[in-house]
Amino acid sequence: MSVGTALFGLDRDGLTSFFHGLGEKPFRAQQLMQWIHQRGVADFGHMTNLAKPLRGRLAEVAEIHPPEVLVDQCSADGTRKWLLRVDGGNAIETVFIPEHNRGTLCVSSQVGCAMACTFCATGHQGFNRNLTAAEIIAQVWVANRALGHSADGERIISNVVLMGMGEPLLNLPAVVPALNIMLDDMGYGLSKRRVTVSTSGIVPAIDRLKAQCDVALAVSLHAPDDTLRDELVPINRKYPIAELMAACRRYMAGKSARSHITFEYVMLDGVNDSPAQAARLAALLTDVPAKINLIPFNPFPGTSYRRSSASAVARFQEHLLNRGYIVTVRRTRGDDIDAACGQLAGQVMNRLRRLEPLVAELR
Ligand code: SF4
């Protein structure tokens, strides 16, 4: 039961206004951010550099409500997944993927998704609700508390991608404060090139994101022409590829030469993986600084799509490499814990149902 202002999802501006309302100086916002996000402390009583009367006052008028972790699973390859309870009887999942030289946390922005991409397990579940800023940053908080720092003092989470459940650009009022906390030196201090928002192509919101927060962008493209993309990513019927590419160019205007947009392309056997389609994709991206990420499809119950063969993926990649693009193929990770981040963290409710006996035991 809520007793006061929820501080968990407030960025520095939000906390500064909150403390202003209490007649406190702005630096209190920085102190509180450090306690919550850097030290993982959720109890005002432990915030020893705040005067005792202020701690008492905060306990009366505010709250820090850490999320309940329902499941914490670690895969043999180091991939780790947390299932967190959110209000309304829902659960969201967060996946950490360790790689050479970096560790990426894949975060959800909504419960379910309204975009209905036909190859996506989440898209098949429909939309439930937006997550709050607190629920988004809580995923980073939980993972960061669990993973901490390496022996040489580096934070284990080096990258965050909003590529889990949901379309982040349809939830900007909550996503932007959460991004601000990730980027803030008093929060998680992540570089803006290491925080990525992934969109299915909500064109006006790409411009709004650019105006509100400077982070990296990924676009779920998946097809090189409108006819196929209309089918795979239905929002394309509203914002076709030409408009999407124009928005990408506007997003990149004024960015450093090292910046690029990551274009995600799920590889579907016989659907979008031919050499002719690779050629069309190469032509489409010529005037956008682009990196292409090919994602082997992860089949889910009820889908008619199949994963492209390894040779089709290699041929597709080769074509794009020959045209001078940086092209990566996402490795399938964490199969033993069903952590298919980017595929896109779907089936949570199904999994939750499957996990219910376990969850009941944990309560
Ligand atoms: S691919 Fe992304 S935008 Fe499309 S339905 Fe799945 S979660 Fe939503």
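The values are calculated or read from the model by the stated rules, or taken from the named source; none is laboratory data. Remember, it's a predicted structure, so these values are computed and weren't measured experimentally. Positions of Cβ are backbone-derived with ideal geometry, glycine not excepted, and every protein chain shown enters the neighbour counts.
Observations on the structure shown:
- Where strands (runs of 3 or more DSSP E) sit wholly within region 200-308, those with at least 3 residues that are within 17 Å of Leu170 (Cα to Cα) occupy 216-220.
- Of everything listed in (1) at pLDDT 95 or above; (2) closer than 22 Å to His149 by Cβ, the single unmet condition for Phe18 is (2).
- Taken as a whole, the structure places Ser191 among residues that are within 19 Å of Ile261 (Cα to Cα) and of a type in the set (Gly, Ala, Ser).
- Trp82 falls short on exactly one of the conditions (1) over 22 Å from the mean Cα position of the chain (by Cα); (2) in the same structural domain as Gln139 (by TED's automatic domain parsing), and that condition is (1).
- Boolean, Gly123 is part of a loop (DSSP other than H, G, I, E, B), within 16 Å of the ligand (Cβ to nearest atom) and in the same structural domain as Ala216 (by TED's automatic domain parsing): no
- Among the residues of this structure, Tyr265 counts as one that is within 20 Å of His319 (Cβ to Cβ), assigned by TED's automatic domain parsing to the domain that holds Gly164 and either of a type in the set (Asp, Glu) or within 13 Å of the ligand (Cβ to nearest atom) (or both).
- Exclusive hit being within 16 Å of the ligand (Cβ to nearest atom), of a type in the set (S, T, N, Q), over 23 Å from Met33 (Cβ atoms) and without any contact (Cβ under 8 Å) to a residue 60 or more places away in the chain, set Asn128, Asn101: Asn128
- Annotation: Thr196 fulfils all but one of (1) assigned to a helix (DSSP H, G or I); (2) touching a residue at least 40 places away in the same chain (Cβ under 8 Å); (3) hydroxyl-bearing (Ser, Thr, Tyr); the unmet one is (1).
Every residue, every condition in (1) basic (Lys, Arg); (2) assigned to a loop (DSSP other than H, G, I, E, B); (3) surrounded by fewer than 16 Cβ atoms within 10 Å (Cβ to Cβ); (4) touching a helix residue (DSSP H, G or I) at 6+ places or on another chain (Cβ under 7 Å), yes or no:
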position: Thr48; (1), (2), (3), (4): no, yes, yes, no
position: Leu54; (1), (2), (3), (4): no, no, no, no
position: Glu60; (1), (2), (3), (4): no, no, yes, no
position: Val71; (1), (2), (3), (4): no, no, no, yes
position: Trp82; (1), (2), (3), (4): no, no, no, yes
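- Flag set for Ala218, criterion: of a type outside the set (Lys, Arg) and in contact with an Asp or Glu (Cβ under 9 Å, 6 or more places away or on another chain).
- Selection count, region 126-149, where residues are assigned to a loop (DSSP other than H, G, I, E, B) and surrounded by fewer than 20 Cβ atoms within 10 Å (Cβ to Cβ): 3
- Scan of region 106-161 for residues that are among the aromatic types (Phe, Trp, Tyr), more than 24 Å from Leu7 (Cα to Cα) and within 18 Å of the chain's Cα centre (by Cα), ordered by number: Phe127
- Among residues of region 1-34, those that are out of contact with any helix residue (DSSP H, G or I) (no Cβ under 8 Å at 6 or more places or on another chain), closer than 20 Å to Ile136 by Cβ and assigned to a helix (DSSP H, G or I), counted: 2
- Whichever residue in region 139-165 is within 16 Å of Asn90 (Cβ to Cβ) and either of a type in the set (Ser, Thr, Tyr) or at pLDDT below 95 (or both) and, among such residues, is nearest to the ligand (Cβ to nearest atom): Met165
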